[in-house]
Amino acid sequence: MSLQPIDFMTLTPDVFSDFVTKNALLTAGDKTGCNTMTIGWGQLGSIWNVPVCTVYVRPERYTYAFMEKRGYFTVSIIPSDRRDIARICGSKSGREVDKAAQCGLTVAYGEGDAPYFEEAELVLVCKKLYAQDLAGSFVTDAGPIDKFYGKAGNWHRMYIGQVVAAYANQ
Ligand SMILES: Cc1cc2nc3c(=O)[nH]c(=O)nc-3n(C[C@H](O)[C@H](O)[C@H](O)COP(=O)(O)O)c2cc1C
């Protein structure tokens, strides 16, 4: 089994579960350094007539600096029996530990030197198109939203990336 390029326009992901119940790792950086973290929020879809993947990153994440600095990011879906990877990458910070090394993940590089992991069952390589902070002033129904943000804000930054390549383990 190894990652092979696939036609991402024919992907039929389970859009409501792939980010939530599977182990999705958001990775950014390049050959000089990178970082990864577990994500539970994201969407796949279409805007501006291109296929996109949207992710949300709080500014205090170490990954945030890499997202800001680089023009590409990747989402690696790790097999669901590797919950240990999601737990480590979702609880430790790359400021303190090399999570890829600790998890035994093998880094590979896609377009724009975007880092991803060979152990993934699916990888999306995304070119950053648009970034914007979510903000309380735009909320129209706080119902499901309020509990994620304290009084000080701490809102996620949304990144919309054009999917430019995809790899699947076949
Ligand atoms: C299941 C799960 C989903 C997560 N989803 C997100 C997310 O979508 N956005 C985010 O900013 N943090 C998310 N986190 C938190 C980060 O993964 C976590 O804070 C991580 O340690 C940050 O690592 P870093 O400092 O190396 O970037 C999630 C954590 C878990 C366990």
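Kindly list, by first and then second residue, each pair from a residue in the stretch 84-103 that is more than 21 Å from residue 41 (Cβ to Cβ) to a residue that is in a helix (DSSP H, G or I) and aromatic (Phe, Trp, Tyr), limited to pairs with Cβ atoms under 8 Å and residues at least 6 apart or on different chains. Pairs found: 95/62. With respect to (1) assigned to a strand (DSSP E or B); (2) among the hydroxyl-bearing types (Ser, Thr, Tyr); (3) within 15 Å of the ligand (Cβ to nearest atom), the lone exception for residue 46 is condition (3). Here residue 85 meets the list (1) in a strand (DSSP E or B); (2) in contact with a Gly (Cβ under 9 Å, 6 or more places away or on another chain); (3) buried (at least 17 other Cβ atoms within 10 Å of the Cβ) almost entirely, failing just condition (1). From the list 56, 109, 116, the lone residue that is of a type in the set (Ser, Thr, Tyr) and within 12 Å of the ligand (Cβ to nearest atom) is 56.
Only one entry of 69, 99 meets the criterion of being at pLDDT 95 or above and either touching a Phe, Trp or Tyr at 6+ places or on another chain (Cβ under 7 Å) or within 20 Å of residue 134 (Cα to Cα) (or both), and that entry is 69. Just name the residue that is farthest from the ligand (Cβ to nearest atom) out of those in the stretch 20-39 that are at pLDDT 95 or above and not in a strand (DSSP E or B). Once the filter is applied, the top-ranked residue is 31. Just one of the listed residues (17, 80) is over 22 Å from residue 132 (Cα atoms), more than 10 Å from the ligand (Cβ to nearest atom) and touching a residue at least 12 places away in the same chain (Cβ under 8 Å), namely 80.
Hey, does the stretch 84-99 have a residue that's more than 11 Å from the ligand (Cβ to nearest atom) and over 21 Å from residue 154 (Cβ atoms)? Yes, there is a match, as at least one residue in the stretch 84-99 is more than 11 Å from the ligand (Cβ to nearest atom) and over 21 Å from residue 154 (Cβ atoms). Residues that are touching a residue at least 40 places away in the same chain (Cβ under 8 Å) and part of a loop (DSSP other than H, G, I, E, B) within the stretch 104-121 comprise 105, 110, 114, 118, 119, 120, 121, listed in sequence order.
The values are calculated or read from the model by the stated rules, or taken from the named source; none is laboratory data. What you see is a predicted model; the values in this text were computed from it and never measured. Methodologically, a virtual Cβ is constructed for each residue, glycine included, from the backbone with ideal geometry; neighbour enumeration extends over all protein chains shown.
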